[in-house]
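Working notes, structure below.
The values are calculated or read from the model by the stated rules, or taken from the named source; none is laboratory data. In this text the structure is predicted, and so the values were computed from the model without any measurement. Counting neighbours? That spans all protein chains shown, and the Cβs are built from the backbone with ideal geometry, glycine included.
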Amino acid sequence: MTSARAYEDAGQAFPIYITVVGGLLLLALAYLAVGQAAGTRSEAQTAADAAALAAALETRDQLAEQWIDKILEPDTWQDIFEGKTSLPNECWRAEELAARNDASVDCAPDGLLGYTVSAETNDTVGDTIVPGTEDQRATERATAVVEARCSPKPPAEGADDDALPSLSCKGGEDWDLKPDDLSDLPKPEDLFDVHLAES
């Protein structure tokens with residue numbers, strides 16, 4: 001009698017066991033789908049960040065070159081530091097870097113010294129238990145900006161007429177510039193900071 005009841009209880013438990021195991025398997029597959037989607041979004045964000053920074057870095061280098069070209073014309077310095085000059089659109093650099101990250105981008109200047117990039121992954125999320133993910137791509141946005149680290153300080157009173165302003169830069173670094181010795185000039189990264197803007 002007891003063994004028959006035990007056999008009957010075991011027979012009733014088996015469908016419950018199958019249901020629980022099936023549910024756990026389904027849950028694991030759902031977590032896997034979420035993980036795949038998160039990974040694809042992360043790839044898109046990385047591509048957007050890198051592309052926006054690449055365009056901004058190219059602009060930073062252009063500004064530094066303009067400053068060096070105009071170093072003996074200090075009246076132009078402030079406009080250069082503020083980006084109020086003729087600058088080429090450097091979105092080509094964003095597109096180039098996005099292609100390396102297996103993504104495509106829409107890029108546009110954002111203000112005088114920034115770029116906003118929307119990146120879409122070329123790869124899809126892939127096949128999952130969630131319908132439609134096999135064709136779904138991730139799209140993320142990023143904005144990178146260039147900010148001047150330095151500002152010109154007028155020459156000291158009584159200085160020669162051809163004396164150049166000094167540069168006062170963030171971090172307490174100052175550059176005393178002499179028109180007859182321009183061998184040691186600040187580098188682009190000394191003059192300008194490039195960073196991602198908070199969204």
Selection from segment 179-193 of residues surrounded by 12 or more Cβ atoms within 10 Å (Cβ to Cβ) and at pLDDT below 85 yields PRO179, LEU182
Selection over segment 72-125 where residues are in contact with a Phe, Trp or Tyr (Cβ under 8 Å, 6 or more places away or on another chain) and over 19 Å from LEU196 (Cα atoms) yields a count of 2
Residues of segment 150-181 being within 36 Å of the chain's Cα centre (by Cα), within 18 Å of GLN78 (Cα to Cα) and small (Gly, Ala, Ser), in sequence order, are SER151, SER166, SER168
Scanning segment 87-130 for residues that are among the hydroxyl-bearing types (Ser, Thr, Tyr) and modelled with pLDDT of 90 or more, the one surrounded by the most Cβ atoms within 10 Å (Cβ to Cβ) turns out to be TYR115
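Residue by residue, here is whether (1) of a type outside the set (D, E, K, R); (2) out of contact with any Asp or Glu (no Cβ under 9 Å at 6 or more places or on another chain); (3) closer than 22 Å to SER168 by Cα holds:
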site: ALA50; (1), (2), (3): yes, yes, no
site: LEU53; (1), (2), (3): yes, yes, no
site: GLU58; (1), (2), (3): no, no, no
site: LEU63; (1), (2), (3): yes, yes, yes
site: ILE68; (1), (2), (3): yes, yes, yes
site: ILE71; (1), (2), (3): yes, yes, yes
site: ASP75; (1), (2), (3): no, yes, yes
site: LYS84; (1), (2), (3): no, yes, yes
site: GLU95; (1), (2), (3): no, yes, no
Of the residues in segment 66-103, those that are within 22 Å of LEU191 (Cβ to Cβ), part of a loop (DSSP other than H, G, I, E, B) and touching a residue at least 40 places away in the same chain (Cβ under 8 Å) number 4
Residue set GLU157, GLU134; condition modelled with pLDDT under 90, surrounded by fewer than 18 Cβ atoms within 10 Å (Cβ to Cβ) and part of a loop (DSSP other than H, G, I, E, B); output residue GLU157
All-but-one check, LEU57 against (1) modelled with pLDDT under 95; (2) crowded, with 17+ Cβ neighbours inside 10 Å; (3) aliphatic (A, V, I, L, M); (4) not in a strand (DSSP E or B), failing number (1)
